[in-house]
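Q: The structure's right below; bear with me while I get my questions together.
Throughout, read-outs are computed from the coordinates displayed, never taken from laboratory work. All figures in this text were calculated on a predicted structure; none of them were measured in a lab. Positions of Cβ are generated from backbone atoms using ideal geometry, with glycine treated the same way; all protein chains shown enter the neighbour counts.
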Amino acid sequence: MRAKALYFPYINLPDDDWLYLMLLYWDQLSSILPSAYIFNPEELAPHMPLLMKEGLVKPIYPQEVLHDVTDFGKPFLNYIRRHVRRRQLRDTGPEDRVPIHIEKLGGVADELVDLRLAMPAEYPWFNMDRRVANVFMSYLASVIGSLPEVDSTSVTNDTDCFHLLIGYQVRIHPERVRLRHLVLKDIFPFPRGQITLNKIVKFKEKYGNELARFRNKIESLCIDLSNVPQQYREEQRHLRVAELKDEVEFIAARMRETWHQITFLDILPVLGAGAAVIAGVQGHQLVAATLGAQSLSTAVYQCLLRHRERNILLGHPLAYGAFLKREWSPVKRVG
């Protein structure tokens, strides 16, 4: 199961709730950037340089990773020739075209121009029909994400990218992408106003060990749901999400109890009983020392049990979700 994600189809990731969910869900997010942005980061959206500075988003430069890919554009061009009717694209207006940087085209620019599916704009950009561009960026993200040095799942907030490409030589599963977002959004409807990039960095540094188990749990659920017949899928999703939310709530509640008990109820009895044993031995009060030792033994045993429960909770696949809930959905105290 891949731990990283590669965003497409745009250069700039959206500055919205979807982004924050993805930052908290994946070990690393990446975006496909032309190399010109290395020297001109000010041309990116304002939040992008900060995301890269904090290490939350890694730039992937297509020129660096595509040069060893043999026949890079061949599967894409074959698909276009077979599935896209060029006569449907002749009357598209400017609003239906999007710019694609030449570095992303990886040598297929001339052939797309010959097919009249792209046209040169101000260098280094080409204008491409939006539908064809969506297909191409889905294909590009799949190819780059499959490279060993990138090894990332392709993710997007724009489901239009899937409409022409489902099931065609691309390791992108549109329904899983859709279900993943819905499941995460249902489980964690936390207010974005409480989240900052700095808090995300610190949170992942603190609880990163639990993230992989949580992500595997969610991905497994999305795979199961995608195999449910369409007419039952939404109902099944609501049922499974309700179960997950109950589990997360239970774990979060037990964590609050266990953490509090370990901090305040265990340490003091252990220290107190230990002091009693020491005082009893020094005063040759063997009965008091024996009682103190028994008290110490009981306190230590209880402490070990609570630590054991704490470790069991930490090993639960939804522990990361419980930490998320605790961090951004604090329990309201009365009085």
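Q: Which percent of Cα-Cα pairs in region 1-172 sits in each 10 Å bin, short to long?
A: Final binned percentages: 9, 39, 37, 14, 1.
Q: Apply the Karplus parameterisation 6.51 cos²θ - 1.76 cosθ + 1.60, with θ equal to phi minus 60°, to every residue of region 316-324 and state each ³J(HN,Hα) to the nearest whole Hz, in sequence, with x for glycine and proline.
A: With the stated coefficients, region 316-324 comes to 6, x, 9, 4, 4, x, 5, 5, 4 Hz.
Q: Nearest 20 debye, what's the magnitude of the dipole of region 1-172 about its Cα centre given +1 on Lys and Arg Cβ and -1 on Asp and Glu Cβ?
A: In total the dipole reaches around 800 debye.
Q: Of all beta bridges DSSP finds with both residues in region 1-172, what is the antiparallel percent, to the nearest 5?
A: Of those bridges, close to 40 percent are antiparallel.
Q: Would you mind checking which residues have amide H under 5 Å from residue 60's amide H? H placed 1.01 Å from N; only 5 or more apart, or other chain.
A: Excluding prolines and chain starts, which carry no amide H, the hits are 31, 32, 33.
Q: Can you give me the long-range amide H partners of residue 118? Hydrogens built in the peptide plane at 1.01 Å from N, cutoff under 5 Å, separation of 5 or more residues or another chain.
A: 113
Q: Can I ask one more? On full extension of the chain, what length is gained from residue 246 through residue 42, given 0.36 nm per residue of separation minus the C-alpha to C-alpha distance?
A: Between residue 246 and residue 42, full extension yields 69.0 nm more.
Q: For region 15-27, take each phi angle, set θ = phi - 60°, evaluate the Karplus expression 6.51 cos²θ - 1.76 cosθ + 1.60, and give the result in whole Hz per residue in order, putting x for glycine and proline.
A: 8, 8, 4, 4, 4, 5, 4, 5, 4, 7, 8, 9, 4
Q: Please arrange 146, 138, 35 by counting, for each residue, the other beta carbons lying within 10 Å of its beta carbon, fewest first.
A: Least to most surrounded, the residues fall as 35, 146, 138.
Q: Does region 1-85 come out rounded, prolate or oblate by the C-alpha gyration tensor, with a ≥ b ≥ c the root eigenvalues, rounded set by a/c under 1.5 and, if not, prolate when a/b is larger than b/c and oblate if not?
A: Here region 1-85 falls in the prolate category.
Q: By average Cβ neighbour count within 10 Å, what is the ranking of 102-108, 70-76, 119-125 from highest down?
A: Final packing ranking: 102-108, 70-76, 119-125.
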